[in-house]
Each structure stands twice: as C-alpha cells, then as structure tokens.
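The values are calculated or read from the model by the stated rules, or taken from the named source; none is laboratory data. In this text the structure is predicted, and so the values were computed from the model without any measurement. Counting neighbours? That spans all protein chains shown, and the Cβs are built from the backbone with ideal geometry, glycine included. Surface areas here come from the heavy atoms of the whole protein model, side chains and all, with no ligands, DNA or RNA. Shrake-Rupley method; radii C 1.70, N 1.55, O 1.52, S 1.80 Å.
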Amino acid sequence: MAEDKAETQAFTPGPGYRQFKGRDEFPSNILHGTLACAIWIGSMHFNVSLLLFSFLFLPFSKFLLVVGVLLIFAVLPIDHNSKFGLRLARYICQHMSSYFPATLHVEDINDFHPDRAYVLGYAPHSVLPIGVVTLAERTGFMPLPKLKCLTSSPVFYTPFLRHIWTWLGASPATRKNFCSLLEAGYTCIVVPGGVQETFLMRHDSEVAFLKSRRGFVRIAIEKGCPLVPVFAFGQSHAFKWWKPRSKFLLQLSRAIKFVPMLFWGAFGTPIPYQHPMNVVVGKPIYVKINPQPTTEEVLEVHGQFVKALQDLFERHKGRVGYADQSLKIL
C-alpha cells in the first residue's frame, strides 16, 4: 500500500499532458470577474432578496405582483440557442476562469475524442462545485464539443437561475435525462456526492461521498461510456461556511435537494474568494457496454473509479500546493 501511494504521488507529465490557465487564456480584471461570479452565483440570492424587500417595503398588492412575475420566470420557456444567453454563458465561464484563477490539468488530452461521450465523475461538491467552469463547453478547454453538467432539479424551477444555468450547460440530474444525453453523444459531468457530500464536508480535509453512490457507474456501463475521475483542488476555499449537524438537517436536505447553510465569500457577499483552483482530469476507465449489468459488475467498476479518484488526488496534491491535505472517501 505504501508503495502504491508513493507511486501515485510521482506523476510526471507525459506528451499528452495539457495545462490550461484561465488567466492566461482569458485576460480579465477584477470587475469583470466579480460581475461574472455575481451573475452565476448571486442570481440564487437575488430572488430571496427581491421577495424580502418587496414584502417588507412595498404595499401587499405590489408584493403579490413581484411574486407573480417570479412565477412567470419560473415556467417561462427557455431558448437553449439564445444568442444573448450563449454570449452571457461564455462571458461567465471565461471571466470566472480568470477570476480565481482556475487551471485545468488534463493528464492525457489524447484520451478524449470529440465523437465519444464520457461520464466525468467530479469531486468534491464543496459549497458549490464552481470548478466545473473549467470543464464547461463555453470555456472550450476540453476537446469535447457536447458537454452537459447534471444539476439538482430545483435549479430548473428557480426564476432567472434556471435560464442562466441552462445557458451555461446545466441539465437536470435525473436518470432519464442522464441516459438521453449520453445516447445523444453528450459528455456528462456528474457530482456523485451531491447534497450528502455538502452535508458531510469538513474544514480540515476533503470529503468525497462515494461508497454508496453507484447509480452513475451503472448508467455508464449501460451506455458503454468511459468513466473519468476529476478532482478540484482549492474549490473548498472559495467560501467560508457554517452549518449545523443533525439528522433532521440531513433529511431536510435530501427532501429539498440542497443543504440549508450559511456561506459567504469576499466581504461577506456571495462572491467567492479569489483562491486559486486546480481541476485535474484523470484517465478514462473504459467499460464494456451492458444494458443490464449485474450488481457484481457495477461494484467492480465502482471500485475502480473510487481507487482512480484517490490515486488522482495523491498524484497531484503536491504539484498543486496541497501536499499535506487528505481525502476522506465515505
């Protein structure tokens, strides 16, 4: 085991290794970066702030009008090909990549082919998995022309947020949608730990909630899509946070699909701190297509993925400045 660990730490970039530095690729400034973060992350706070302001300071009839307008935006059809929306998404992705700054490391770019669909298993979730911005189609680092990030369903019922995140490439994290996207040739980014990983996250180490998360592995086998481990170093430092720990909170979080918690960034706002992020993409784990995999097959591939993620973490943590950090896989 000690020899395996030492081996995983000794990563030497090969000819296929690629590094994309957001700040070099997309020159920006603090104003553009802050605005990009505010549009993407702050949009979820806008609705709450608007409702509170309307309720406290406007006549009740005007408050009902505001509620009505928000309800309209919650069901208003989204033009997925909106020129404005796609320009906005590109602006957010590029300026957020420069803001932190974020760097994408791909162990072997030649392992990825534009005509194939992959399942990118991303960890950790942290407060928000904002490092996915480096993988987004609008950022353009990965040689994959069709990319979707599977996201908790409540996002797509939230006014304004649903439009912005859809233009950014988000899609509902349901089994039916996941399968349909893979069949259509889309590479899907999944954050297997989800809500429970956020609930379990700690200040003193990284946490990946994976041991009981096998659904994404089963679907990858059913569709014959390679599994790819991805780890985001530094993402957990983008926000400071506080949350109570209780069984009730966990049950509530599962029910509403997000964790009720306090988190804040620069100057106590929802704008994340400018902490460098390094997102590392490992090598694909190829699977044999099987529409009805057995439990044993799923467990075997799941074990390969968990080990690959752990090894990826160990190989790169020293290179990106986290030599003393540990990863707990729960």
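Can you tell me the length gained on complete extension of the stretch Gln325 to Lys288, counting 0.36 nm per residue apart and subtracting the Cα distance? Could you put the intermediate results ahead of the total?
On the way: separation 37, 0.36 × 37 = 13.32 nm, distance 3.46 nm.
Taking 0.36 nm per residue and subtracting the Cα distance, the gain is 9.9 nm.
Using 0.36 nm per residue of separation minus the Cα-Cα distance, give me the extension gain between Leu262 and Arg87 in nm, one decimal. Mind showing how you got there, number by number?
On the way: separation 175, 0.36 × 175 = 63.00 nm, distance 3.14 nm.
Here the answer is 59.9 nm.
Where does the chain land at 222 nm, in deg cm²/dmol rounded to the nearest 500, when only DSSP H runs of n ≥ 4 count, each adding -39500 (n - 2.57), divided by all residues?
Numbers: 12 runs with 135 residues, N = 330.
Helix contribution divided over all residues of the chain: -12500 deg cm²/dmol.
Quick one: if the Förster radius is 30 Å, what FRET efficiency do Lys307 and Gln19 give, using the C-beta to C-beta distance and rounding to 0.05?
0.75
What distance in nm separates the simple spin-label points at Phe248 and Glu296, each placed 7 Å from Cα in the Cβ direction?
Going by the 7 Å Cα→Cβ label model, 4.6 nm.
Taking the radius of gyration and the Kirkwood hydrodynamic radius from Cα positions alone, what is the Rg/Rh ratio for segment 18-329, to two decimal places? List each step's numbers first, then the result.
Working: Rg = 19.4 Å, Rh = 20.2 Å.
My calculation puts Rg/Rh at 0.96.
So what is the relative contact order for the chain, in percent, with contacts set as C-alpha pairs under 8 Å and at least six apart?
On the way: 577 pairs, mean separation 77.0, N = 330.
With pairs under 8 Å counted, the relative contact order is 23 percent.
Starting with the highest mean, order 302-310, 71-79, 135-143, 321-329 by the number of other Cβ atoms within 10 Å, averaged over the residues of each peptide. Show your work: numbers first, answer last.
Details: 302-310: 18.9, 71-79: 11.6, 135-143: 21.2, 321-329: 13.3.
Averaged packing, sorted descending, gives the order 135-143, 302-310, 321-329, 71-79.
With every protein chain present, what is the per residue accessible area of segment 65-126 (1.4 Å probe, Å²)? Don't skip to the end; give the middle numbers.
Numbers: 2710 Å² over 62 residues.
Ligands and nucleic acids excluded, the figure is 44 Å² per residue.
Let me see the pair-distance distribution of segment 217-328: every alpha carbon pair, 10 Å bin width, integer percents in order.
All Cα pairs considered, the percentages come to 12, 26, 31, 25, 4, 0.
For Ala38 paired with His113, estimate the spin-label separation in nm (one decimal), with each label point 7 Å from Cα along the Cα-to-Cβ line.
Spacing of the two 7 Å Cα→Cβ label points: 4.6 nm.
Could you tell me the calculated FRET efficiency between Ser205 and Ser61, based on Cβ-Cβ distance and R0 = 51 angstrom, to the nearest 0.05?
Details: r = 52 Å, r/R0 = 1.02.
Once rounded, the FRET efficiency stands at 0.45.
Figure the gain on full extension for Leu31 and Cys179 (residue separation times 0.36 nm, minus the Cα-Cα span) and round it to one decimal in nm. Present the calculation step by step, with values, prior to reporting the outcome.
Details: separation 148, 0.36 × 148 = 53.28 nm, distance 3.94 nm.
Result for the pair: 49.3 nm of gain on full extension.
Taking H placed 1.01 Å from N in the peptide plane, check which residues at least 5 places from Thr103 or on another chain put their amide H under 5 Å from its amide H.
Amide H neighbours of Thr103: Gly22, Met277, Asn278, Val279.
Output the peptides 11-17, 180-186 sorted from most to least packed, where packing is the average of other Cβ atoms within 10 Å over each peptide's residues. It would help to have the intermediate numbers written out before the result.
Details: 11-17: 11.4, 180-186: 15.6.
Per-residue mean Cβ counts within 10 Å order the peptides as 180-186, 11-17.
Can you run phi through the Karplus equation (6.51, -1.76, 1.60; θ = phi - 60°) for segment 229-241 and list ³J(HN,Hα) in whole Hz, with x for Gly and Pro?
Here the 3J(HN,Hα) series is x, 9, 10, 10, 7, x, 4, 5, 9, 6, 9, 9, 8 Hz.
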